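Engineer: Input: one structure, supplied below.
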Amino acid sequence: MRRVSFENVVAPSLLPTPCFLAYNKRNPRRVILQPGGRTLRHRTILTALCPAIALFAATNSFLCLSGRAAQTSSTAESAVPALGPEAQQKLNHLQAALRSAHASHHAKNEAAALIQLGDFNLVISEEKQALDAYNQALALARSANDPTLEASALIGIADCRRTESANDDAHRTYQQALDLAQAAGDIKRQAAALNGMGWVNDNTHDLQKGLDLHNQALALARQAGDLDLEAQILNRIGADNDDLGNTSKALDFYNQALGKWRAANDIDGQAKALNNLGILAAESGDPSTALADYTQALPLYHRAGDRAGEAGALNNMGVLYKNTGQEQKALGYFFEILPLQRALANRNGEAAALNNLGNVYSQLGENQQALDAFNQSLILDQSLNNPVGQAGVLLNIGEVWVRLGEIQKALEALEHSLALFATSGEPRGQANTLNAIGVVYDDLGQPQQALGYYTRALAMYKDLNDPDGEATALNDIAGIYNAPDQKQHALEIHNQALQLERAAQNRDGEARTLNNMGLVYEDLGQKQKALESYQQALPIWHAVGSRDGEAQVLDNIGSLISDSGNPDEARSYFAQALPLAAEVNDPLREAQIFHNMMLNEKAARPALAVFYGKQGVDLLQHVRGQIQGLDPALQKSFLATKTDYYRDLAALLIARGRLPEAQQVLDLLKEQEYADYVRGETANTLQPLALTPAEQQAKVEYDKSTAHMIALGEHWLALKNNSARTAEQEKTYQQLFDELDAASKGLNDYYARLYVAFGSNIEANRQLADVKGDVSRLKRVLQDSPHTVALYTLVGKDRYSVIVITGATAVAREFPIAEADLNAKVAAFQQVLRDPARDPRPLAAELYKILVGPAAADLDQARAETLVWSLDGALRYIPMAALFDGSKYLVEKYSIATITPASIASLDTPPKVANLSIAAMGISRQYQNDLPALPAVAVELDDVVKDPQAKDAHGPLPGTILLNGDFTQQAMDRLLERDFSVVHIASHFVYRPGDDSQSYLLLAGKDTDSAGYHLTVADFRDDQRLSLENTDLLTLSACETGMSGSASNGREVDGLGTTAQLRGAKAVISSLWDVNDVSTGSLMADFYKRWADGVGKVTKGEALRQAQLDLLEGRLSPKPGAGGRGLGVVESAPAPQPGPAGYAHPYYWAPFVLMGNWK
């Protein structure tokens, strides 16, 4: 039973949650970085918001996370909240004092009153009024020639500039104030100016320099005996120490500041210190102390009229409730903040509130609402030119995209986030994003790349003294250790993470780790311990409201119980998990649960299992369509982790006799392989699987009844084609029809059970459209192709299956062999085929027994003459023609072709051989050092083409030759505009697996003859001038047009052939290895002559077979010394073996395969 995999969590997400300290003119506002969520891995994933909280200095804003933005963005601007009675009384008093001073016409008194009013306006978040008051005070102080008042006014102006993030302007203004205060000997203003300059350095991330300035200011403030100013500086020093990781020092300075503010009876200051103490407690894993501090701070802010500080405390309380699993309480606080920030015109605060709302919705699995909030927050941060805020929101957005299966969008957001955090000097944000990117690569099947990101994140978390972040990274690192001998080490790492999470009271992280430990215990065979871990995780995730987590652990419990042989009990857990996964809209998790449900039901309720399997595959089809823009290697590794979904479903369908549906499933897999190769050809990869009528099953006695089905089918087809059947023949025809029809019909009573299983609200018994497209068309083609049999192969984990298809019916045959063993035999055979000095027949006979043996009797019954293969996996590395039955190669018995999904559309119509014309192009001379000359090419083209312009061109097909300097891209474009029915290209082809922009055909030049030109497969695919719409055959007489690397598994053969077919070619001949120049030329000349001379009576497949036999049976003599047609080939190919059949080895005759229309 496949399970859900280790959950990966994106550590502190974005500017995570916490908040800024209330802003005060000389007191820092800070924000807490909080973890944002989780990401996916193969077994199951979950959104986990770690409580890891990081602080950093910020401007006059509250950068946090989350938001039900969609519900709040359209609301009208709220009125600025009224001040409390105590604050209003103070404001009235200051305004009265100003009026009195103004009436006295005393400039100094009026300036002093304006400065006091400006200070209070900053406290109550009326920055514009504050700046206006300070500017008026500055003018009056200068008119009165009072440097002390002038310095005070400048400090107030600089405070306003700093809160607007105008740090350079603020620093210059503080310096002016400092110069005036020093000239006047005013140590109090000197202290205030130095403190402000230190704060500017904090804002620009030069914390050590900022701390030095604060310490200078502290000494002067103490000398001046100003308790309020001393407290402000102590508070700022505490924040710097906190940012530097000096927690104990930060705690001491905050407590000192609190004591001084209490002595000075400054309630706003007290609130600031308490708020910072709360943040420190939250970071240290003490949520109860943090909540107590915030609770004390909140009414003090309200009394002081500090509405921004009040919003900050509300935000911090929301963050705290979110991190302790009380999301609904958190939402209440964040909804209260949003209109407050809008009323204050605090766009920073609004962005933070939206971000926090999005974060909570993300944790609750409400992904669309989370995205709405995050996107609104991002727009605000961009308008504010706030790179740190943007980075945080992008991190959160990336996490949501991962959950939705939009992997490419997720990577783009996360990489953008990482760059912004790095340029902004935010190590915690970098750590969070590194871990998140690691999770994505983990999900894409790149564990080593993921481990690199996790390790970097872990080191940064340790430097930051962030236990929550450490736990997150440790959890993900443990998930990398999947080998059997690494499981104990993984368990040890998980235990480290669990201790950190429990110490920090991170309930969500604790549940995640317990779930992951359960998976490891399962792998170690300790089923009871695994169940206990899952059962501990389940109530925690339920308590914190994580539906994603519940879905994950319920699925894992169901899988464990199913593996233990209790499908009925497992079914109840899956039934709970599935609606939770659907609710959070996580397609990968839904697909995993559907797949596990399929495996659970396949024995007792196979038709229902098929239904579940199809749902899982359709979900993966959606995700695969979203990653087409990613690097091909990532697409391949992602597909490698998901291939079992397709193969398990296909195997189940074959076992139930539902062969056309199995064929469609395999086609989807093969079409994805082509899309991987060509980077983005997604025309068919998103096609959902069709359902048969009510998910019909094959008849119960399938295995027994199919023994003679092929013979019955051939008899039935012969009668069907006889329009003048006798009465007896008509009776036989109907009997045969009934027997064949039974193989594809299910039992009526089972349909009734399936109807109930699917739910009475679904039209379970309605007739759904049968499997669309290629399968039925292939059957129609075969009906008109006597003695032609299609062999559709499937390489399973423990067996090889082949679907034998004729125009009448289809049956499945099997051979028990592990996939790894089969692949090893294929690889060994591939090496033998490339070496003429080795005898290929022993390995060829072994593979014949496996690949053809199970269907041999069927082929005899069908009196097969032509075999049309659809090859799965590594089978595409080898030519079927070279299989050996003990006395003969397969080519000695059958014409052979291969097909891909792209081939089907072109199989109906045979070419009009009498009207064939050919465009032949080639390179015989050397154009670059690593590609030798090909002297046989010139002779080959002359032997193929009859061209009046070339005196030696005496071939069977009329046409035109472009050789060497004439073979440019421009000339080829013009030649192909003439719609030749045959296109023949003989040159070097260099293949780079998985990269069509680096795989190329060698031409003489682009527009004119030059030092050579690389026409890439990407160019060939995209250049509309290179049309093959009316081309019956494209022959690539070149080296290794099916060349592969060790990382591939045969996909490039389909990929290159499919590229040509999608451009219009009805058939393609390409090669599987580095071909011999001379034998290739001889084979091509022989092939075209036989095909053309046949005048429609000899198919392409048969002409190629006869040309291969001429080499095999020694009717062509060897010519030693010929080179190959590809990159890295030796100057001389291995010498042919002595004897009458010098080219008898498959090395010479077997590399070329015919793909597509074989007629």
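Derivation of every value follows stated rules applied to the coordinates shown; laboratory data play no part. Note that the coordinates shown come from a computational prediction; the quantities given were computed from them, not determined experimentally. Cβ placement follows ideal geometry from the backbone for every residue including glycine, while neighbour counts extend to all protein chains displayed.
Engineer: Which cross-chain or sequence-distant (5 or more) residues have an amide H under 5 Å from the amide H of residue 1069, H modelled 1.01 Å from N in plane?
Structural biologist: 1034, 1035, 1036, 1155
Engineer: At a 10 Å Cβ-Cβ cut-off, how would you order 334, 1020, 829, fewest neighbours first?
Structural biologist: Neighbour counts put them in this order, fewest first: 1020, 829, 334.
Engineer: Right, here's the next one. What FRET efficiency do you get for residue 219 and residue 99 if R0 is 35 Å and r is their Cβ-Cβ distance, rounded to the nearest 0.05?
Structural biologist: 0.35
Engineer: Still on this structure: Would you calculate the separation in nanometres between label points at residue 845 and residue 1007, each defined as 7 Å from the Cα along the Cα-to-beta-carbon direction?
Structural biologist: 6.2 nm
Engineer: What distance in nm lies between label points placed 7 Å from Cα along the C-beta direction at residue 483 and residue 1019?
Structural biologist: Label-label distance for residue 483 and residue 1019, simple model: 4.4 nm.
Engineer: Okay, next question. May I ask you to order 1022-1034, 163-175, 309-321 by the average number of other C-beta atoms within 10 Å around their residues, highest value first?
Structural biologist: 309-321, 163-175, 1022-1034
Engineer: To continue, here is another question. With each label point set 7 Å from Cα along the Cα-Cβ vector, what nm distance links residue 204 and residue 289?
Structural biologist: Inter-label distance under the simple model: 3.6 nm.
Engineer: Need the C-alpha centroid separation for the range 503-555 versus the range 402-464, integer Å.
Structural biologist: Measuring centre to centre over Cα atoms gives 24 Å.
Engineer: Report for the range 875-983 the percent antiparallel among DSSP-assigned beta bridges with both residues inside it, nearest 5.
Structural biologist: Bridges in the range 875-983 that DSSP calls antiparallel: roughly 25 percent.
Engineer: Take the cross-link list 893/1097; 487/527; 642/1066; 888/1100 and give me the ones stretching past 25 Å between alpha-carbons.
Structural biologist: The answer is 642/1066.
Engineer: If neighbour count is taken as other Cβ atoms inside 10 Å, put 811, 402 in order from fewest to most.
Structural biologist: Exposure proxy ranking, most exposed first: 811, 402.
Engineer: Quickly rank 339-351, 599-611 as a protection proxy: mean count of other C-beta atoms within 10 Å, highest first.
Structural biologist: With the highest mean Cβ count within 10 Å placed first, the list reads 339-351, 599-611.
Engineer: Determine the alpha carbon to alpha carbon distance for each of 322/462; 209/322; 108/128; 249/462 and list only those over 28 Å.
Structural biologist: 209/322
Engineer: Moving on. Quick one: length gained pulling residue 569 to residue 1029 fully straight, 0.36 nm per residue minus the C-alpha distance?
Structural biologist: 159.9 nm
Engineer: Which order results if 335, 638 are arranged by neighbouring Cβ count within 10 Å, fewest first?
Structural biologist: Ascending number of Cβ neighbours within 10 Å: 335, 638.
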